[in-house]
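A short worksheet on the structure shown next.
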Amino acid sequence: MNLILFGPPAAGKGTQAKRLVEEKGMVQLSTGDMLRAAIASGSELGLKVKDVLARGDLVTDEIVIALIEDRLDEAEAAGGAIFDGFPRTVAQAEALDAMLAKRGKQIDAVVRLKVDDAALLERVAKRYAEQGRPDDNPESFVVRLEAYNHNTAPLLPYYEKQGKLTQADGMGSIESVAKAIDEALA
Ligand code: AMP
(Lines give C-alpha, C1' and ligand atoms only; values in the text may rest on other atoms or scores of the structure.)
Protein backbone atom coordinates (compact mmCIF):
# COMPACT_ATOMS: atom_id res chain seq x y z
CA MET A 1 0.00 0.00 0.00
CA ASN A 2 1.34 3.40 -0.96
CA LEU A 3 -0.43 6.25 0.74
CA ILE A 4 -0.13 10.02 0.42
CA LEU A 5 -1.07 12.10 3.45
CA PHE A 6 -2.09 15.38 1.96
CA GLY A 7 -2.75 18.72 3.60
CA PRO A 8 -1.36 22.14 4.47
CA PRO A 9 1.62 22.57 6.80
CA ALA A 10 0.76 21.72 10.43
CA ALA A 11 -2.34 19.73 9.38
CA GLY A 12 -1.08 16.74 11.39
CA LYS A 13 0.41 14.68 8.55
CA GLY A 14 3.61 13.84 10.43
CA THR A 15 1.78 12.76 13.58
CA GLN A 16 -0.55 10.47 11.64
CA ALA A 17 2.28 9.11 9.48
CA LYS A 18 4.24 8.08 12.58
CA ARG A 19 1.23 6.26 13.97
CA LEU A 20 0.72 4.37 10.70
CA VAL A 21 4.41 3.40 10.69
CA GLU A 22 4.03 1.88 14.15
CA GLU A 23 0.79 0.11 13.36
CA LYS A 24 1.46 -1.09 9.84
CA GLY A 25 5.25 -1.22 9.54
CA MET A 26 5.23 1.03 6.50
CA VAL A 27 8.00 3.55 5.85
CA GLN A 28 7.35 7.27 6.34
CA LEU A 29 8.89 9.30 3.56
CA SER A 30 8.90 12.93 4.69
CA THR A 31 10.89 15.19 2.39
CA GLY A 32 10.75 17.90 5.07
CA ASP A 33 12.44 15.54 7.57
CA MET A 34 15.04 14.53 4.97
CA LEU A 35 15.84 18.17 4.18
CA ARG A 36 16.08 19.08 7.88
CA ALA A 37 18.45 16.12 8.40
CA ALA A 38 20.59 17.36 5.52
CA ILE A 39 20.72 20.83 7.09
CA ALA A 40 21.59 19.40 10.51
CA SER A 41 24.42 17.33 9.00
CA GLY A 42 25.89 20.37 7.24
CA SER A 43 26.00 18.50 3.90
CA GLU A 44 26.27 20.27 0.55
CA LEU A 45 22.53 19.73 0.04
CA GLY A 46 21.83 21.09 3.52
CA LEU A 47 23.77 24.28 2.84
CA LYS A 48 21.95 24.71 -0.46
CA VAL A 49 18.43 24.43 0.99
CA LYS A 50 18.84 25.99 4.43
CA ASP A 51 17.69 29.49 3.50
CA VAL A 52 14.89 28.21 1.27
CA LEU A 53 13.38 26.24 4.17
CA ALA A 54 13.83 29.12 6.60
CA ARG A 55 11.90 31.43 4.24
CA GLY A 56 9.12 28.88 3.77
CA ASP A 57 9.60 28.55 0.01
CA LEU A 58 9.64 25.23 -1.84
CA VAL A 59 12.96 23.64 -2.83
CA THR A 60 13.25 22.51 -6.45
CA ASP A 61 11.32 19.52 -7.74
CA GLU A 62 14.61 17.93 -8.81
CA ILE A 63 15.97 17.86 -5.24
CA VAL A 64 12.93 16.26 -3.60
CA ILE A 65 12.28 13.80 -6.43
CA ALA A 66 15.87 12.52 -6.05
CA LEU A 67 15.45 12.21 -2.25
CA ILE A 68 12.30 10.13 -2.71
CA GLU A 69 13.75 7.97 -5.46
CA ASP A 70 16.64 7.02 -3.17
CA ARG A 71 14.19 5.61 -0.61
CA LEU A 72 11.70 3.73 -2.81
CA ASP A 73 13.47 0.34 -2.65
CA GLU A 74 13.47 0.47 1.14
CA ALA A 75 9.77 1.42 1.18
CA GLU A 76 8.89 -1.37 -1.24
CA ALA A 77 10.70 -3.91 0.93
CA ALA A 78 8.68 -2.72 3.96
CA GLY A 79 5.38 -3.17 2.11
CA GLY A 80 4.73 0.44 1.22
CA ALA A 81 5.29 4.10 1.89
CA ILE A 82 3.45 6.91 3.56
CA PHE A 83 4.34 10.01 1.62
CA ASP A 84 4.28 12.99 3.97
CA GLY A 85 4.87 16.42 2.45
CA PHE A 86 5.54 14.97 -0.99
CA PRO A 87 4.39 15.50 -3.71
CA ARG A 88 3.85 19.26 -3.42
CA THR A 89 3.66 20.16 -7.11
CA VAL A 90 2.03 18.55 -10.14
CA ALA A 91 5.51 17.87 -11.57
CA GLN A 92 6.41 15.95 -8.39
CA ALA A 93 3.17 13.97 -8.56
CA GLU A 94 3.84 13.02 -12.18
CA ALA A 95 7.41 12.01 -11.35
CA LEU A 96 6.16 9.90 -8.42
CA ASP A 97 3.61 8.12 -10.61
CA ALA A 98 6.36 7.40 -13.17
CA MET A 99 8.87 6.15 -10.54
CA LEU A 100 6.27 3.82 -9.04
CA ALA A 101 5.04 2.60 -12.45
CA LYS A 102 8.63 1.64 -13.31
CA ARG A 103 8.50 -0.68 -10.29
CA GLY A 104 5.04 -2.03 -11.15
CA LYS A 105 3.55 -0.05 -8.24
CA GLN A 106 1.18 2.85 -7.83
CA ILE A 107 -0.32 5.26 -5.32
CA ASP A 108 -3.22 3.41 -3.73
CA ALA A 109 -4.83 6.18 -1.68
CA VAL A 110 -4.55 9.90 -1.02
CA VAL A 111 -6.04 11.13 2.25
CA ARG A 112 -6.54 14.83 2.56
CA LEU A 113 -6.55 16.29 6.06
CA LYS A 114 -8.81 19.32 6.02
CA VAL A 115 -7.95 21.99 8.59
CA ASP A 116 -9.01 25.63 8.37
CA ASP A 117 -6.41 28.39 8.22
CA ALA A 118 -7.24 29.91 11.63
CA ALA A 119 -6.66 26.53 13.33
CA LEU A 120 -3.39 26.06 11.42
CA LEU A 121 -2.12 29.46 12.55
CA GLU A 122 -2.99 28.63 16.13
CA ARG A 123 -1.28 25.21 15.96
CA VAL A 124 1.85 26.55 14.39
CA ALA A 125 2.18 29.39 16.90
CA LYS A 126 2.07 26.76 19.65
CA ARG A 127 4.60 24.52 17.87
CA TYR A 128 6.92 27.51 17.35
CA ALA A 129 6.79 28.35 21.04
CA GLU A 130 7.47 24.71 22.00
CA GLN A 131 9.99 23.59 19.36
CA GLY A 132 11.34 26.78 17.78
CA ARG A 133 11.36 25.32 14.27
CA PRO A 134 12.66 28.27 12.21
CA ASP A 135 10.04 28.05 9.45
CA ASP A 136 7.18 28.06 11.98
CA ASN A 137 7.73 31.78 12.58
CA PRO A 138 4.64 33.77 11.46
CA GLU A 139 6.27 35.30 8.32
CA SER A 140 7.59 31.99 6.99
CA PHE A 141 4.37 30.23 7.84
CA VAL A 142 2.40 32.64 5.66
CA VAL A 143 4.80 31.86 2.78
CA ARG A 144 4.33 28.11 3.39
CA LEU A 145 0.55 28.45 3.35
CA GLU A 146 0.75 30.44 0.11
CA ALA A 147 2.97 27.75 -1.43
CA TYR A 148 0.39 25.17 -0.38
CA ASN A 149 -2.52 27.07 -1.87
CA HIS A 150 -0.67 28.00 -5.05
CA ASN A 151 1.45 24.91 -5.84
CA THR A 152 0.06 22.02 -3.85
CA ALA A 153 -3.71 22.43 -3.73
CA PRO A 154 -3.87 21.87 -7.54
CA LEU A 155 -2.90 18.27 -6.80
CA LEU A 156 -6.37 17.66 -5.34
CA PRO A 157 -8.05 17.50 -8.79
CA TYR A 158 -5.05 15.50 -10.06
CA TYR A 159 -5.75 12.70 -7.59
CA GLU A 160 -9.51 13.13 -7.69
CA LYS A 161 -9.43 12.41 -11.42
CA GLN A 162 -7.54 9.20 -10.62
CA GLY A 163 -10.32 8.27 -8.16
CA LYS A 164 -7.85 8.07 -5.26
CA LEU A 165 -8.76 11.06 -3.12
CA THR A 166 -10.59 10.79 0.19
CA GLN A 167 -11.15 13.57 2.69
CA ALA A 168 -10.72 13.42 6.45
CA ASP A 169 -11.68 16.12 8.93
CA GLY A 170 -8.34 17.18 10.38
CA MET A 171 -9.82 19.53 12.97
CA GLY A 172 -10.51 16.98 15.68
CA SER A 173 -8.33 15.17 18.21
CA ILE A 174 -5.40 12.99 17.10
CA GLU A 175 -7.56 9.92 17.81
CA SER A 176 -10.55 11.12 15.80
CA VAL A 177 -8.32 12.04 12.83
CA ALA A 178 -6.70 8.58 13.08
CA LYS A 179 -10.13 6.99 12.95
CA ALA A 180 -11.09 9.03 9.88
CA ILE A 181 -7.87 8.01 8.11
CA ASP A 182 -8.38 4.34 8.96
CA GLU A 183 -11.91 4.52 7.60
CA ALA A 184 -10.62 6.09 4.43
CA LEU A 185 -8.09 3.27 4.06
CA ALA A 186 -10.55 0.45 4.81
P1 AMP B 1 7.48 20.08 5.84
O2 AMP B 1 8.21 19.52 7.02
O3 AMP B 1 6.84 19.01 4.98
O4 AMP B 1 6.49 21.17 6.21
O5 AMP B 1 8.58 20.75 4.90
C6 AMP B 1 9.39 21.81 5.37
C7 AMP B 1 9.97 22.56 4.19
O8 AMP B 1 10.80 21.70 3.40
C9 AMP B 1 8.97 23.15 3.21
O10 AMP B 1 8.46 24.39 3.65
C11 AMP B 1 9.83 23.29 1.96
O12 AMP B 1 10.75 24.38 2.08
C13 AMP B 1 10.68 22.02 2.01
N14 AMP B 1 9.99 20.89 1.36
C15 AMP B 1 9.58 19.74 1.96
N16 AMP B 1 9.01 18.91 1.08
C17 AMP B 1 9.02 19.55 -0.12
C18 AMP B 1 8.55 19.22 -1.42
N19 AMP B 1 7.92 18.06 -1.66
N20 AMP B 1 8.77 20.12 -2.42
C21 AMP B 1 9.41 21.28 -2.19
N22 AMP B 1 9.86 21.67 -0.97
C23 AMP B 1 9.68 20.81 0.06
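Here are the numbers for this structure:
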| read-out | value |
| --- | --- |
| Which numbered condition ILE39 misses (of (1) farther than 26 Å from LEU156 by Cβ; (2) more than 10 Å from the ligand (Cβ to nearest atom); (3) touching a Lys or Arg at 6+ places or on another chain (Cβ under 9 Å); (4) at pLDDT 95 or above) | (2) |
| Among (1) within 7 Å of the ligand (Cβ to nearest atom); (2) surrounded by fewer than 15 Cβ atoms within 10 Å (Cβ to Cβ); (3) among the aliphatic types (A, V, I, L, M) - the single one LEU47 does not satisfy | (1) |
| In segment 86-125, the residues that are of a type in the set (Asp, Glu), within 16 Å of the ligand (Cβ to nearest atom), over 18 Å from HIS150 (Cα atoms) and in contact (Cβ under 8 Å) with a residue 24 or more places away in the chain | none |
| ARG133 being among the basic types (Lys, Arg), out of contact with any strand residue (DSSP E or B) (no Cβ under 9 Å at 6 or more places or on another chain), within 22 Å of GLU22 (Cβ to Cβ) and modelled with pLDDT under 95 | no |
| Subset of segment 54-68 (residues that are more than 9 Å from the ligand (Cβ to nearest atom) and either among the charged types (D, E, K, R) or buried (at least 17 other Cβ atoms within 10 Å of the Cβ) (or both)) | GLU62 |
| Tabulated pairs, segment 126-151, first open to solvent by 50 Å² or more (accessible area, probe 1.4 Å), second within 13 Å of the ligand (Cβ to nearest atom) and of a type outside the set (Lys, Arg), C-beta under 6 angstrom, 6+ apart or interchain | ARG127/ASP136; TYR128/ASP136; PRO134/ALA54; ASN151/THR89 |
| Restricting segment 1-15 to residues that are surrounded by 15 or more Cβ atoms within 10 Å (Cβ to Cβ) and away from the ligand (no atom under 13 Å from the Cβ), the residue that is nearest to GLU183 (Cα to Cα) | LEU3 |
| Test: ASP73 is at pLDDT 95 or above and near the ligand (Cβ under 8 Å from one of its atoms) | no |
| Breaking point among (1) within 12 Å of the ligand (Cβ to nearest atom); (2) open to solvent by 50 Å² or more (accessible area, probe 1.4 Å); (3) of a type in the set (Ser, Thr, Tyr), for THR31 | (2) |
| Meets criteria (under 17 Å from ASP108 (Cα atoms), loosely packed, with under 14 Cβ neighbours inside 10 Å and not hydroxyl-bearing (Ser, Thr, Tyr)) for GLY85 | no |
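The values are calculated or read from the model by the stated rules, or taken from the named source; none is laboratory data. Small disclaimer: the values here were computed from a predicted structure and weren't measured. FYI the Cβ positions are ideal-geometry reconstructions off the backbone, even for glycines, and counts take in every protein chain you see. Side chains are part of the model used for accessible areas, which takes the heavy atoms of the whole protein and leaves out ligands, DNA and RNA. Shrake-Rupley method; radii C 1.70, N 1.55, O 1.52, S 1.80 Å.
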